[in-house]
Amino acid sequence: MSDPVGGAVGLPPPFEPQPAPPHQAPALAPTRPVYDGKLSELYGIYLRHLLLMVLTLGWSRFWGRTRIRRYLWNHMAVLGDRFEYRGRGIELMVGFLIVLAILAVWAGVIWAVWHFGLHDRAVPGVDIVNLIFVSIALIGVPLAYVGQYSGLRYKLSRTRWRGIRCAMEGSSWSYGARATFLNFANAMTARLLTPVVSVNLARPRIVHARVGTQGFDFAGNVGDIYGRYVGFYFLNILAWGVAIGIAAAALGGVIERAGFGQEEIKALGDLGRLRTILLIAGAAFGAYILFGVMILPLRCWWRAYLYRYLVSHTRAGNVLFTTGISTRQMWGYLVLNYLIVLLSFGLGWPWVMHRTLRLIANELWLYGAPDGSAIGQPLDKGPRFGEGLLDMFDVSGI
Amino acid sequence: MSLGPSAIRGRYYDGKTADVREVTVVATPGEVILRDVANAALVARWPIVELGVLGDSEHEAVPLLVRRNEEARLAIDDAEQRRALGASVPEIARLGAQRPSTAGRLLQFSVGLAAAVALFWVALQSGSDLLAPLVPNRLQARMGEGVYAQLVGQRPLCQGEKGLTALNHFVSQLAVAGGYDGPIKVRVVKDGPINAFTLPGGILILYSALIDRTADGNELGGVIAHEIGHAVHYHPIKGLVRQYGTEQILKAITGGYSEIGTLGSGGTILLALRNGRAFEREADATGVSLLEKLGLRADGMSRFFEELLKIEPHDPAAVAGIWSDHPPTAERVAATRRPPIGAPDFTDAEWQAIRTMCR
């Protein structure tokens, strides 16, 4: 699959002009972030984190996460200046405990309703524990979005560049409501609203982010990307149809060639038989290969396009951003990284983080330089604690 | 001591704006002086007693020099120059610390991690053996009822009073002989599958299809004795504790990521199944020995297993191997085979009452 905007390695992608900038034109000298972390050093930090996790039954995760962030942040530099991460493990733990306490209160309320209102029986076979878990799962969906935004706010507030704190404005609750509504509407319309969701959730995250007093602007419009998405959408359906057709034909061919009779096909229903186990494993592997070859590259093609669009329509004062991330690189980011983590039982996480930061450093281009003297410290210092919701309801990673 | 104006260079951030100034750094006995590289203008004078280092050389590529209670920072990119400054000003010696050796740390933490996992595993095995009998009966029964509601739900129970009395009398005898001090009750669920199981809190579930399948009271007695074997060893509660513990350790070493959890649950299930096979062997052995201890017929268990083999010649447990929660049936037949001696497990009248209790 060709990549229309993919740039050669080491060269910046073509500059995509944006709507007329409100202030002075940027200097068109491109630079890239520099990442100089070493995988072995990252593994040293990660293995210690895992060791402490086992010894403390997971309670050291707040400090482990903080250490890893300190390493990653400080090994990434923009315009020659490294980032700093100044978060503390205790802040993450307190954030988690606060959310835990709130959930305990919530569970208490559910119990009170069940006990006093429903007289200890809501639905036959459903006990109070089921009720509490179901209710938490239900509120967990919107709260995960709230947690993503407030988690980003926390991380930015603990991030410094040239000694200046970053920040995030806006309400995480309004973001959570927006994200819940948009994702629900998208699910109800067979995902035809994906560009609306992508642009409208990216916008608040971009325009509310700040480096000190320097804000970001986003000039993206849903209409710009809808044509490409519709093409992707129907190609995707076609690819699924072809993949299922190939799978059915292949399965039929295998059954015919192996000379399976009616009785043997019936006998395959016996899950204990070795041949059934091997056949299921073979079919799963074949389906994965088919899915990997036909569906995922298409998805990566769309995602690469979306990322390029979002990045190239973002600016921070004089600084313009662009990326030439290709379908192949997106495959490495989305699929290969996933497989690394999955097949290594999580031990591949440092490698994935390392690969991701290298990708950012290779593929993010900045045009122009900020006027440092015009960027001041932000007035607020950010939240006192952080990421409780993210820790509770989301796969927060690092 | 002075290092000379050209010796050390750094990037100075004033903490008020995002401006950067290239500076030279000169350490004197009382202070560190920063001057602009371009015009030698004085940028800052930081008293040594107020200096601090942000970060460390293990995590930060460039630990920063700061003046306490100020937002300004100084970054000295060159590690040698940081070391030289750290050496000349003992208060900030940390600034010049060497990066720890990676190979040594990797080895140290890998070995530590493997040892911790092994230790946790051993603690879980022996800890569950030790703690399971200490879990209060009330709590065990509550957990058992929860599992019962999930597994059996609202399915009808057989209410034949004489049959139930006979069964409960039999299990009480075995439980006492096995030293089990909690209450133990039998519930007979109408119809299939051909199965029986024991839940925490001494709740013993028999399906009527199993009773229909047994040839005589001694075969049924063998099956029940096997279940009592589970109860007296607290297998249900031990199984729950081990599965929970295994999930926790897996969560800890994989970082608790949900995708890993999905894959990891496969490993947890395998471990639970391994526990299952060990528990089944122990329950078989205990069941037979309890019957012998009471002077009852102990040949029923192996005969029942032989019946199962007749129904299912391709023994799923033997084919599935490590995927099976039971040992191969042929192995169980061999391990539990006993001569047909002793008093019958149930009298004729009791057996008749049990056979008809679901009608």
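The values are calculated or read from the model by the stated rules, or taken from the named source; none is laboratory data. All values derive from a computational prediction rather than experimental measurement. Glycine also receives a Cβ, built like all others from the backbone with ideal geometry; neighbour counts cover every protein chain displayed.
Report yes if residue A:215 is of a type outside the set (A, V, I, L, M, F, W, C) and in the same structural domain as residue A:380 (by TED's automatic domain parsing), otherwise no.
yes
Give me the pairs, please: first residue somewhere in region B:208-219 and within 15 Å of residue B:357 (Cβ to Cβ), second residue anywhere and assigned to a loop (DSSP other than H, G, I, E, B) and among the acidic types (Asp, Glu), beta-carbon distance under 8 Å, and either six or more positions apart or on two chains.
B:208/B:191; B:209/B:191; B:217/B:345
If the requirement is being away from chain A (no Cβ under 14 Å), at pLDDT below 95 and within 24 Å of residue B:99 (Cα to Cα), which of these qualifies: B:4, B:86, B:55?
Among B:4, B:86, B:55, only B:86 is away from chain A (no Cβ under 14 Å), at pLDDT below 95 and within 24 Å of residue B:99 (Cα to Cα).
For region B:134-186, enumerate the residues that are within 14 Å of chain A (Cβ to nearest Cβ) and among the polar types (S, T, N, Q).
Of everything in region B:134-186, those that are within 14 Å of chain A (Cβ to nearest Cβ) and among the polar types (S, T, N, Q) turn out to be B:150, B:154.
Among the residues of region B:158-212, which ones are part of a strand (DSSP E or B) and farther than 20 Å from residue B:238 by Cα?
B:186, B:187, B:188, B:189, B:206, B:207
Taking the options B:245, B:178, B:160, B:221, name whichever one is over 27 Å from residue B:332 (Cβ atoms), in the same structural domain as residue B:327 (by TED's automatic domain parsing) and touching a Leu at 6+ places or on another chain (Cβ under 7 Å).
B:245
Which of the following residues is at pLDDT 95 or above and at the interface with chain B (Cβ under 8 Å from one of its Cβ atoms): A:61, A:67, A:88?
Only one candidate qualifies: A:67.
Of the conditions (1) touching a helix residue (DSSP H, G or I) at 6+ places or on another chain (Cβ under 9 Å); (2) crowded, with 17+ Cβ neighbours inside 10 Å; (3) within 13 Å of chain A (Cβ to nearest Cβ), residue B:108 satisfies every one except a single condition; which number is it?
(2)
Here are A:175, A:154: which of them is closer than 29 Å to residue A:81 by Cβ, surrounded by 21 or more Cβ atoms within 10 Å (Cβ to Cβ) and assigned by TED's automatic domain parsing to the domain that holds residue A:372?
Every option except A:154 fails the conditions.
Only one residue in A:147, A:87, A:151 is within 30 Å of residue A:352 (Cα to Cα) and not in a helix (DSSP H, G or I), so which one is that?
A:87
So, in region B:230-255, of the ones that are free of Cβ contacts under 8 Å to residues at least 12 places away in the same chain and of a type in the set (S, T, N, Q), which residue ends up farthest from the other protein chains (Cβ to nearest Cβ)?
B:248
So which of A:72, A:103, A:52 is more than 8 Å from chain B (Cβ to nearest Cβ), in contact with a Lys or Arg (Cβ under 9 Å, 6 or more places away or on another chain) and of a type in the set (A, V, I, L, M)?
A:52
This table checks each residue for (1) without any contact (Cβ under 8 Å) to a residue 24 or more places away in the chain; (2) within 13 Å of chain B (Cβ to nearest Cβ); (3) crowded, with 21+ Cβ neighbours inside 10 Å.
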position	(1), (2), (3)
A:319	no, yes, yes
A:337	yes, yes, no
A:340	yes, yes, no
A:364	no, no, no
A:371	no, yes, no
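Take the conditions more than 17 Å from the chain's Cα centre (by Cα) and assigned to a helix (DSSP H, G or I) and apply them to residue A:167. Does it pass?
no
Go through region A:360-372 and count every residue that is at pLDDT 95 or above and either touching a Gly at 6+ places or on another chain (Cβ under 7 Å) or among the polar types (S, T, N, Q) (or both).
The qualifying residues number 2.
Name, by its number, the condition in (1) under 30 Å from residue A:213 (Cβ atoms); (2) touching a residue at least 12 places away in the same chain (Cβ under 8 Å); (3) buried (at least 17 other Cβ atoms within 10 Å of the Cβ) that does not hold for residue B:20.
(2)
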